[in-house]
Amino acid sequence: MTIKELLLTSFGKFKGKSITLENGFNIVYGENEAGKTTVHKFIEGMLFGFFKPYIKRKIYTDDYDRYLPWDFTDYSGVLKYEVGDNIYRIERNFLKGNDEVKIIDDKTGEDISHLFEYDNVTRLHQPMSIHMGLNSTVYNNTISIGQLKSKSDDTLAKEVKDSLINLGGSLDEDISIKKVLEKLNEKINDIGTEKRIKTSPYGKVVEEIEQLNNERQRAYDISIEVKEYQEKANLLSDEIRALNEKKTEIEGKINLIEVFQAREKYLECLKLSEEINILKKQIEELEEFANLNDEDYTEAVKFQQEIKSLNDNKEELKEKQDKVLNRQKKIRTIIEQLIFFEGIEEEEIEQLIAYYNIMEQKKQDLEITYDRIASKSTGEIDFNLNDINEKLYNYEELEEKKNSLSYNNEYNNIMFLKTRLDEKSKSLNRLNLLKIFSAFGALTSIILGIMLFRAMYFVAAIPLALLIYAFYSSKELNNYINTLNNQIVDIEKKEVQRESKIEELDKEMQDILDSCGCKSKAEIRKLVNDLGQRNFAANEVLELKNKKNSLIEEIQKLEDNIKKYLNLIKEDLVSLDNIRKLKHEYSKFLEHKRLEESTQNEIDDLINEIKDIELKQKNIGNSLLMLYKKNNVSNMDTFKEGLEKKRNYEKSIQLLESQKSLLSNILGDKNIEFLKKRSDDFTETIGLDIRGLDKDDLLANLKDINDTILETKNELTRFEEKIRILSSTTAELVQIEEEIIRKNRIKGEYEKNLSSLELARDTIDKISRNIQRDFAPRLSSGVGEIIEKVTKGKYTDIKITENLDIKVVDPISNKIVDVDKLSGGTIDQLYFALRFGIIDIIKEDNNLPLILDDCFVQYDMDRIENILEFLSIESLKRQIILFTCHNREKEILNNMGFKYNLVNL
């Protein structure tokens, strides 16, 4: 079996995650929290679901909630696996309430779920019931190893033993001996024992036989008692017969009296019936008025009164409306006479007196202004003050520029540069002399060295050095002197330009003085002061003239404005009296406008009140018509007449009921036909026959006889009831005997079946115990071979008990050592080998995949290399799926040269 593909549609943290696996070795790599354990649990969930085993009701494990997606809307996935040439697809919905499993042939798409085992507890098909044949407990303790879970659970020993028993050595695992034993015990339990009276068929049959024997004896005793009660009952029956004969005689006499009385009642009933028929006819004639309602009539009268009251109010309002309309016409006539005030605001009229006062004040100001203008006089002015001020400003500006040029001369700089030039020229002359003397000294030393001795050559080095120094120093000094000469030339040029500029400024300043007729700047200043005083007087007169013109203009505007309003009342003279007259007329206009508005509001209110009254009249009229229609009348008169007839109708009904009641009292529980029939038996002789008979006495005698008969019958009934009860408490002796024989036959069949079932159970149990004794050595041998491979021969002899307890033979001391005394890594190796050996024994012909989730964390490098080498060889026969967060597994397999499929999460 090979797992081919995982599709985590919605599981844990994954959404739509697809993982492809291959035959052989698969490494699923991911960092911590990448979801390796989630994928591992997904495989378990797809194969078995998340249900607690060994219980009789459907309970989910904690893993269900642990991997439930946060959105709770989808919790599902798909797993594909291959067996032989066939590929199967498991589709599982984990969601509670909607959980579902489908097993589909992936090649044809056919749903083959019905071929797999159905779990009545989970109510789902078991996908691994055919191709894996393991439950979730064995799966989690063998082929699936989680983190730090190499050690197997306590329940594994029982499950392994059951699987081995089912195999039965060479038997097919599908023939489940465990289930056969369970079925035999179930059948034995179904039959039961003698002690289980209430819960087993066998115990019930034994109890029933004992009960039947007791019932047989009780039935014999009861038959004697029933015979005695029957004799007493026969005597009571004879007594009742004699009493009934006497009763019949008395009833005959009473019957004659009743015939006579029936004749009298019949005649009286005929008379009452005729009266009732007459009343019924009257009632039929008045029935149409029966449904008239007195309350509706009262309501209708109330409506009529309200309508009349509303009409009166309406007429009063209309009269008041006419009066208000006449008053409104008079007000409107006055408004029309003053309509020219329309559109004029009250503030405008109120401001006219203020305007008039302002106008008078301005006229006074105008007179004063005329007087001041006449008192002011000025001569002609030759110069313009602004021009003179501007010239003074220009003169001062030119003077400032001249001073700036005078102060900024380069005389000192030129003197400094000439002094430096003189010093450097002298230095250059000295260097030139040094060059001449050095050249001469060097030449002399060279000539002497040639002519006299060679040592003079060394002496020539000194003048040569001085010559070189003088040469370079004179060169630098020449450059510096040239620079100084250039600077002096530039400064001299600037100085010439400065002197020329000063001359130009002097000329411009003199031109300004000449234009003002002055000889100095002080005279110009004095001229400015004189012109300022004369200009001030002229400006004051000019301002007064401007003020005069402004006042004349303002007075004219105010007068025109006032005249505009005075013209409305046909007045041209602007005076305070006319303004007051205008204000009075305007107030009159406003007052009548307000009166017109209030009058219109009053008219509108009256119209609205009239409309409200008309609406109320209409509503009340409609209500009144509805009452007429409801009571089927056309007006109040017919309504009143109908109520009178209704009262007659009700009186007739009461009289009819009274007559019917009287008739009913006469008839009692009889009817007229009965009285007529009894009357037919009446003859004249009956009157003679009943003379001297008192019906009450006869009835009293009849009652005594009936009481006696009743008591006797009650006593007879008690005897009969005792006979019935005694007879019902037991069956007939013959039936009891037959039932005892039948129950003994059933008991014999149960005993025969119990003997056969117990023999079969004991035989199969004996065989299974022999198989269990062979299980431990086989498992020890298989685990020993595996542990020898993964420990490289360190441990070879392993002992495993029937409860899967592991013990190891120490190769050095040859002593048996308990597994708990070994190192953690060795313990993990032993339990890994145990799981592997168990699955090989249980499923030796079915190479199931091995799923490992980071279970080698306690292994050192040697152990991990050994186990990976073992798994790589094992992957040639079965699929290995290893979940890890380390790179060492990949590195070791690469170094060993083993192939593997890598899945990165």
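Quick notes on this one:
- Computed from the Cβ-Cβ distance with R0 of 60 Å, the FRET efficiency linking Ile569 to Lys618 stands at 0.70.
- For the chain, the longest principal axis of the C-alpha atoms and the axis of helix 576-631 are separated by about 20°.
- Here region 209-307 exposes an accessible surface that is 47 percent carbon and sulfur, computed with a 1.4 Å probe and the other protein chains kept in place.
- Among the protein heavy atoms, those of His125 account for about 50 Å² of accessible surface (1.4 Å probe, every chain in place).
- In nm, spacing of pseudo-spin labels at Leu693 and Glu367 (7 Å Cα→C-beta vector): 15.5
- The distance separating the Cα centre of region 534-587 from that of region 482-531 comes to 62 Å.
- Sulfur and carbon atoms: percent of accessible area, region 408-517 [1.4 Å]: 62
- Förster radius 60 Å - calculated FRET efficiency between Glu285 and Asp605, Cβ distance, rounded to 0.05: 0.60
- Label separation (Asn32 vs Glu225): 8.9 nm, computed from points 7 Å beyond Cα along the C-beta direction.
- When peptides 597-610, 3-16 are ranked by their average number of other Cβ atoms within 10 Å per residue, the highest-first order is 3-16, 597-610.
- DSSP bridge pairs, the chain: antiparallel proportion in percent, nearest 5: 70
- Computed on protein heavy atoms with a 1.4 Å probe, the accessible areas place Phe471, Phe856 in the order Phe471, Phe856, largest first.
- Remark: the chain carries 61 Å² of accessible area per residue (probe radius 1.4 Å; ligands, DNA and RNA excluded).
- Once the chain from Asp71 to Asp762 is taken as fully extended at 0.36 nm per residue, the excess over their C-alpha distance is 243.2 nm.
- Gain upon complete extension [Arg525, Asp506; 0.36 nm per residue less C-alpha separation]: 5.0 nm
- Net length gained if the chain between Asn665 and Asn814 were fully extended (0.36 nm per residue, minus Cα distance): 41.4 nm
- Each residue of region 306-311 is assigned a 3J(HN,Hα), and the resulting list reads 5, 4, 5, 5, 5, 4 Hz, derived from the Karplus form 6.51 cos²θ - 1.76 cosθ + 1.60 (θ = phi - 60°), x at Gly and Pro.
- Computed from label points 7 Å out along Cα-Cβ, the spacing between Glu299 and Glu390 is 10.7 nm.
- Entry for Cα extents along the principal axes in Å (calculated from the structure that is shown) out of (i) 194, 141, 49; (ii) 105, 79, 50; (iii) 70, 70, 61: (i)
- Protein-only accessible surface order, largest first, of Ile672, Ile786, Ile450, Ile339 at 1.4 Å: Ile450, Ile339, Ile672, Ile786
- Overall, the accessible surface of region 1-125 at a probe of 1.4 angstrom is composed of carbon and sulfur to the extent of 46 percent.
- Listed peptides 85-94, 282-291, 415-424, 31-40 by packing density, highest first (mean Cβ within 10 Å): 85-94, 31-40, 282-291, 415-424
- Too-long pairs where the Cα-Cα distance tops 22 Å, listed order kept, from Lys281/Lys651; Lys424/Lys475; Lys501/Lys526; Lys17/Lys877; Lys232/Lys722; Lys323/Lys593: Lys501/Lys526; Lys17/Lys877
The values are calculated or read from the model by the stated rules, or taken from the named source; none is laboratory data. What you see is a predicted model, and the numbers here were worked out from it, not measured in a lab. FYI the Cβ positions are ideal-geometry reconstructions off the backbone, even for glycines, and counts take in every protein chain you see. Side chains included, ligands, DNA and RNA excluded: accessible areas come from the protein's heavy atoms. Shrake-Rupley method; radii C 1.70, N 1.55, O 1.52, S 1.80 Å.
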